[in-house]
Amino acid sequence: MQSIPFKMSAAFAALSLCAACSAFAAAPTPTLAATGAALSIAHAKGNTTLAAAPARVVTMDLPTLDTLDALGVPVAGVPATKLPPHLARYQEDSVVKVGTLFEPNQAVIEAIAPGLIVVGGRSAKQYETLSRLAPTVDLSLDRGDRIGSIARHAESLGRVFGRQQQAGSAVQALRAGVDALKQKAATAGTALVVLTAGDHISAQGPGSRFGTVHDAFGFQAALPGLNPEGRGTKLTVQQIREANPDWLFVIDRDAAVGKPPSAALASIDGAALGRNAAGKPVRVVKLDPILWYLMDGGGVRGMQLTVRQISDALRDAAPAPTSVVPAHAGTQ
């Protein structure tokens, strides 16, 4: 079996907040695509109209943070949480923390005076509360069209912040990467996505929270009849073998939330799994747990990183081309 890893005190808080707000206030104000025209943003809760391009944005939604970062848009406040390596700078003390994914700090957000607040996923329940503070949009990803919703959100944010060109390039690169991956996945065999937590292993099938591997990337499901709702279907290592997957994609919840790797991870990360019931080696790909468990696969850049990881895994697993000697070689 081959395993592929995924490549304050109150006074201090007030000082950090003031410094950060001053820095963002000095940043150039983005311009709308249509000068002087109000901009309406369609989102999961309806439509939100902005009278002008926001000078400061707060995001409680991590996929949106990922996309804003990719577009080069300064972010005035983010939730305090673990982040994948490419977003690690937002964990630094110099970046204002506006509460947690589940509980925003309204006083800190009010002090920032954002022109736009973004919620989504875990923070979507805070939409009504935060809408009282500033214009708010819910950019939760559409499970049925994850790539499409990432693209639409990137394009909307590009229009709002005058980053249409960056958004267009990022979306084009993402779609091209997904299309290329789908072509490879079509002949890669079956796949199973599992979430490990403690001693437990749960399978995630098409249409589920982690069904992107099947729904967007095109991998044939080793267990197509799984219930897409809830927390997945519990499996044993033997049941994984019997499912005959060619590929096993693993998301470790414990690592995502800052705990040591789950005990279950070891049982599918070595000789204990070995080969499937058909005698074929199971290739194990460990997906970035933060990107997948906390960020639902990420925004426009995070999803590109996932596409690249899986594409590289397929490339590395492909047999080397056989050298063919021409029939006339060596003849006089």
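Throughout, read-outs are computed from the coordinates displayed, never taken from laboratory work. Here the structure is a predicted model, which means the values were calculated and not measured. Cβ coordinates were reconstructed from backbone atoms using ideal geometry, including for glycine residues, and neighbour counts include every protein chain displayed.
Numbers for the structure displayed
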{"read-out": "Spin-label zone in region 45-64 - amide nitrogen under 13 Å from a point set 7 Å from the Cα of Q172 along the C-beta vector", "value": "none"}
{"read-out": "Distance from region 213-285 to region 62-133 (C-alpha centre basis), Å", "value": "32"}
{"read-out": "Cut-off under 5 Å, modelled amide H: who pairs with L116 long-range", "value": "R56, V58"}
{"read-out": "Cα-projected label distance for A318 with K45, points at 7 Å along beta-carbon direction, nm", "value": "4.6"}
{"read-out": "Per-residue HN-Hα couplings for region 301-314 [Karplus 6.51, -1.76, 1.60; θ = phi - 60°; Hz; x = Gly/Pro]", "value": "7, x, 5, 4, 5, 5, 4, 5, 4, 5, 4, 5, 5, 5"}
{"read-out": "Value in Å of the Kirkwood radius, where region 187-316 supplies the Cα pairs that are averaged", "value": "14.6"}
{"read-out": "Under 5 Å, built H, 5+ apart or other chain: amide partners of V193", "value": "Q204, F249"}
{"read-out": "Shape call, region 120-204: gyration tensor on alpha carbons, a/c limit 1.5", "value": "oblate"}
{"read-out": "Under the Karplus curve 6.51 cos²θ - 1.76 cosθ + 1.60, θ = phi - 60°, whole-Hz ³J(HN,Hα) for region 181-189, x wherever Gly or Pro sits", "value": "5, 4, 5, 5, 5, 4, 10, 8, x"}
{"read-out": "Links that overshoot a 25 Å alpha carbon limit, given the list K182/K280; K234/K286; K82/K125; K45/K234", "value": "K45/K234"}
{"read-out": "Chain lengthening between A113 and A263 when straightened (0.36 nm per residue, less Cα-Cα)", "value": "49.5 nm"}
{"read-out": "Region 230-320 - percent relative contact order, Cα under 8 Å, separation 6 or more", "value": "30"}
{"read-out": "Interchain or long-range residues, amide H under 5 Å from N105's placed H", "value": "G99, T100"}
